[in-house]
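For reference, the structure is listed below as structure tokens.
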Amino acid sequence: MSKAARERSARERLAAERRRQAARAKQRRLLSIVIGSVVAVAVIVVATVLVIDHKNKNGRAEVHKGALAPLSRQADGSIVMAKAGVTKPELEIFEDFQCPNCKEFEKNTGSTVEQLAAEGKVKVVYRPFHLFGNSPDPVKTNSLRSAEAALCVPADKWISYHDALFRFQPAEGSKGFSPKDLVKWGKDIGVSDANFEKCVKDEQKKSQVDAMTNYALQTRGVDSTPTVFLDGRKLDTNVVFTPDGLKAAVTAAGGGAAGK
């Protein structure tokens, strides 16, 4: 091979190597752009989640919208939601505001319960209690504080406050339900009782919560939440968590029939 041919071949190899290096550099730049974009999106998503979480923990409670049957509080602290004269069938709901399954029940079936009561088809009795008494903090404290605060709220504000407690329910193991927030949410929904804040902060309803808890665990044999009874009969989970299942159970028990 002549000297000129060798030099041309060397130049061609060098040019080919430079093209390969340029292609690799372009690939690295593209990869950096892609990774940067993914990281930017992840940061935005995390920031959005944190903002939403912050709003959920520190947001404003809202007044319930929609028709409701009249609400009243019984001597034991339980809340009755029923139209005048409706005493049967009776739907009893045992729940703990720190319980994730109770939050899911309210999400799935809560509006159905309200609708059935508003239509005069059932008498609803809400029985909040302190299920997590033997759990470690902060679950134990969250469970107790929320139940106490719920009993400090006037009966006519119960559903709005009840909704707020589930909306702002802290994740298990995380701090939440501070006295300050519990008072704020009550004021958000229009609780104007001058004693409300003191009732919450001084835990004035603790003895009543203890009595309601004893009734749930010892007298009624409740061992999980939510537990729902219809005329004293415990309903299966597939009924409790499905609107159609609950409606069918109430209808079968005579819901809406004359002579309630």
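The values are calculated or read from the model by the stated rules, or taken from the named source; none is laboratory data. Keep in mind the model is a prediction, meaning the values are calculated, not measured. Neighbour counts run over all protein chains shown; Cβ positions are idealised from the backbone, glycine included. Areas reflect the complete protein model, heavy atoms only, side chains present, ligands, DNA and RNA absent. Shrake-Rupley method; radii C 1.70, N 1.55, O 1.52, S 1.80 Å.
Would you mind stating whether ALA61 is surrounded by fewer than 10 Cβ atoms within 10 Å (Cβ to Cβ), more than 21 Å from GLY245 (Cα to Cα) and at pLDDT 95 or above? Write out each step before concluding.
On the way: surrounded by fewer than 10 Cβ atoms within 10 Å (Cβ to Cβ): no; more than 21 Å from GLY245 (Cα to Cα): yes; at pLDDT 95 or above: yes.
Answer is no for this residue.
Can you say whether LEU246 is in a helix (DSSP H, G or I), open to solvent by 20 Å² or more (accessible area, probe 1.4 Å), among the aliphatic types (A, V, I, L, M) and under 18 Å from GLU92 (Cα atoms), as far as the supplied structure shows?
Values: in a helix (DSSP H, G or I): yes; open to solvent by 20 Å² or more (accessible area, probe 1.4 Å): no; among the aliphatic types (A, V, I, L, M): yes; under 18 Å from GLU92 (Cα atoms): yes.
No.
Scan ASP193, ASP188, ASP236 and give me the residue that is loosely packed, with under 15 Cβ neighbours inside 10 Å, more than 14 Å from ARG145 (Cβ to Cβ), among the acidic types (Asp, Glu) and within 23 Å of the chain's Cα centre (by Cα). Give the derivation first.
Numbers: ASP193 fails: within 23 Å of the chain's Cα centre (by Cα); ASP188 fails: loosely packed, with under 15 Cβ neighbours inside 10 Å.
After applying the criteria, what remains is ASP236.
Among the residues of the stretch 128-150, what is the count of those that are within 16 Å of the chain's Cα centre (by Cα), among the small types (Gly, Ala, Ser) and not in a helix (DSSP H, G or I)?
So the answer is 0.
Can you tell me which residue in the stretch 151-194 is modelled with the lowest pLDDT, limited to those that are assigned to a loop (DSSP other than H, G, I, E, B) and of a type in the set (S, T, N, Q)?
Going residue by residue through the stretch 151-194, those that are assigned to a loop (DSSP other than H, G, I, E, B) are 153-154, 168-178, 189-194.
Within this subset, residues satisfying the condition of being of a type in the set (S, T, N, Q) are 169, 174, 178, 192.
Numbers: GLN169: 96, SER174: 88, SER178: 95, SER192: 94.
By that ranking, first place goes to SER174.
Considering only the stretch 211-231, I want to know if a residue exists there that is at pLDDT 95 or above, within 20 Å of ASP76 (Cβ to Cβ), among the basic types (Lys, Arg) and in a helix (DSSP H, G or I).
Checked against the condition, which is being at pLDDT 95 or above, within 20 Å of ASP76 (Cβ to Cβ), among the basic types (Lys, Arg) and in a helix (DSSP H, G or I), the stretch 211-231 yields no hits at all.
Please find, within the stretch 163-173, the residue that is nearest to PRO70 (Cα to Cα) out of those that are in contact with an Asp or Glu (Cβ under 8 Å, 6 or more places away or on another chain) and open to solvent by less than 30 Å² (accessible area, probe 1.4 Å).
Among residues in the stretch 163-173 that are in contact with an Asp or Glu (Cβ under 8 Å, 6 or more places away or on another chain) and open to solvent by less than 30 Å² (accessible area, probe 1.4 Å), the one nearest to PRO70 (Cα to Cα) is ALA164.
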